[in-house]
1. Could you tell me the calculated FRET efficiency between residue 262 and residue 135, based on Cβ-Cβ distance and R0 = 35 angstrom, to the nearest 0.05?
2. Step by step: find N for the chain, compute 2.2 N^0.38 Å, then divide the Cα radius of gyration by it. What's the final number?
3. On each of the three principal axes of the Cα atoms of segment 435-546, give max minus min coordinate, whole Å, ordered largest first.
4. Using only the Cα atoms of segment 286-328, what semi-axes does the equivalent ellipsoid have when each is the square root of 5 times a gyration tensor eigenvalue? Give whole Å, largest first.
5. For residue 607 and residue 220 in the same chain, what is the full-extension length gain: residue separation times 0.36 nm, less their Cα-Cα distance, in nm?
6. Compare the peptides 274-283, 47-56 by average per-residue count of other Cβ atoms within 10 angstrom and give them in order, highest first.
7. Distance cut-off 31 Å, Cα to Cα: go down the list 51/182; 51/504; 51/273; 477/551; 51/177 and report the pairs above it.
8. Write down, largest first, the equivalent ellipsoid semi-axes of segment 491-621 in whole Å, where each equals the square root of 5 times an eigenvalue of the alpha-carbon gyration tensor.
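The values are calculated or read from the model by the stated rules, or taken from the named source; none is laboratory data. If you're wondering where the values come from, they're calculated on a predicted model, not measured in any experiment. We place every Cβ from the backbone using ideal geometry, glycine too, and count neighbours over all the protein chains shown. Side chains are part of the model used for accessible areas, which takes the heavy atoms of the whole protein and leaves out ligands, DNA and RNA. Shrake-Rupley method; radii C 1.70, N 1.55, O 1.52, S 1.80 Å.
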Amino acid sequence: MSQVRRQLVAGVAATATALAGLGLAAPSSASATSRSERSPASERVGRYETKTPTSRGYGGAVTSVDPEASRIGLRVLRRGGNAVDAAVATAAALGVTEPYSAGIGGGGYFVYYNARTGKVRTLDGRETAPRGMPRDAFVDPGTDQPYSFSDLVSSGVSVGTPGTLATWHSALRLWGKSRLRKALAPATRLARRGFIVDSTFAEQTEDNRERFDQFPATRRLFLRDGQAPKVGSVFRNRDLAATYDRIARRGPAAFYRGRLARQISRTVQNPPKSSNATLPAPAGYLTPRDLARYQVLRQRPTRVSFRGYDVYGMAPSSSGGSTVGEALNILERFPVGSMGDGDALHHYLEASALAFADRGAYLGDPAYVDVPLRGLLADGFAAERACRIDPDHAASKPVPAGDARSHDGRCDEASRTAEPQEDTENISTTNLTVADRWGNVVDYTLTIEQTGGSAMTVPGRGFLLNNELTDFSTEWKAEDPNRLQGGKRPRSSMSPTIVLRNGKPFLALGSPGGSTIITTVLQMLFNRIDRGMDLQQAIAAPRAAQRNTAKVTAEPEFISAYGPLLEGYGHSFQSAGDAFTSKSQIGAATAIEFGPRGQLTAVSEPVRRGGGSALVVRRSR
């Protein structure tokens, strides 16, 4: 182990250990106060704000970015629910406490390991473009020029048909023990009684204040008296509680049909702006019929073998499973574990760039695009791509894509042209990981896209709508697999992942972060398996994302620790930054590792996004 890495790992472990003991006391509750006022001690009764980055124990575990949500999932496990029941209950709670990252106005991907069958299965709950959406929907009819990205972000035209609620219903029906009504109950109570505002929630509200102020329903819900809620105040969302109650009584049809479906459609087609709004907020195309026809897709996961482990992820419409899998296949061609820090990280960055080149060339919704998934994950193709890595020098970026449809594993010259690659910054999403006493495992990534989604709240309903359609390519090109088409799912980077060893769970993990989700999951696996870090160190270690761009996007801590070393290979860096905040962080991961004799190690972020909450059912056997 190099001196640089030894110092880094020691610092990471010290930080995580210190943070594990932190957390505000959770005193307690009952009288109502303004959401923008600091709550007295009596207002905090029954609320839970202690953040526990790492827990070890038995009988099941839940880890997410939020202590209230993790505690709700843990209670489900302790009362006999399985991993799917707990995952849905946790996700519903995140819709309350993390409304700018997730909720029923968005979508996501659900990966499930069934202990009884030993199989991994997935649900694609990605949002879809309205079927009547034209290919020039991102073009301003007044100028015949594409809308700017900032105009699309806060708009109706960026809203896709939500899939989150349908995902919850499908997961429970297929693999859960409880019904949707029971799974929603804890989150409904949480929305009604409120939660303690932390610094992350307050900062995210403040960062979006200008956008939120454009839409009266959003302003009323999140900006009391025009101000972001103060840290320590109590935030309630009675509108969302009422919406959850309605869905609990009537089922998913209460969302996808009838009055609420019509109201969602009106909000998208005629964005309800303030009289003094300055944003154009172009109208969208979502109709009640789009909502009524939405379907969750049940599909097989991607799978690659990596150094004796079987790594399962999401197949397209997500690009996560294939891109992580291809990069791992490339890395497996090199003895990375025996390399020093510089050589190992150089190979990690180069493998990631190659996989991202192929992602851009081939990945899209397979219902509309012929995706050569088998070729992308083939060992022969990985061997061919690994030939492009110079052990001493970084390749000029962007690198060209390989030929995933015709490969022989030999080091031939690249025949494709290099295309400029996207450099999407740290976009908000959330991830949760759950295991139960029977050995079932869930990793679930859900989102409304940017922090705050489209900024449009469905009036009186308590939830924000997504802006997922910004994940389509802005310019329409016939050869682009991610071109905009009506009814299509936009390409996603979400990468919920489950790793098996000898057919049994070894690790489950995922993260938010836009296209850096892929590199975050890849780097955590690389840290854990190839670099010998324990799970806590693998998550806390500073991150770098090479997405086939001229410069590597990296956290300042990574640049400080490894920048001088890697610049000798020709790598250059730019500091990470969120388009909507000043945070220079990449991802906010959660993970569970499965040890001997049933021991579980549940881990969340010790620092990023304010830290998370990882809880276990029992501390001892």
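1. 0.85
2. Taking the Cα Rg and dividing by 2.2 N^0.38 Å, one obtains 0.90.
3. 44, 40, 29
4. Details: eigenvalues 203, 21, 4 Å².
Three semi-axes, in Å: 32, 10, 4.
5. 136.2 nm
6. Values: 274-283: 14.8, 47-56: 20.9.
Peptide ranking by packing, descending: 47-56, 274-283.
7. On the way: 51/182 26 Å; 51/504 29 Å; 51/273 37 Å; 477/551 26 Å; 51/177 28 Å.
In this structure, 51/273 exceed 31 Å between Cα atoms.
8. 28, 16, 14
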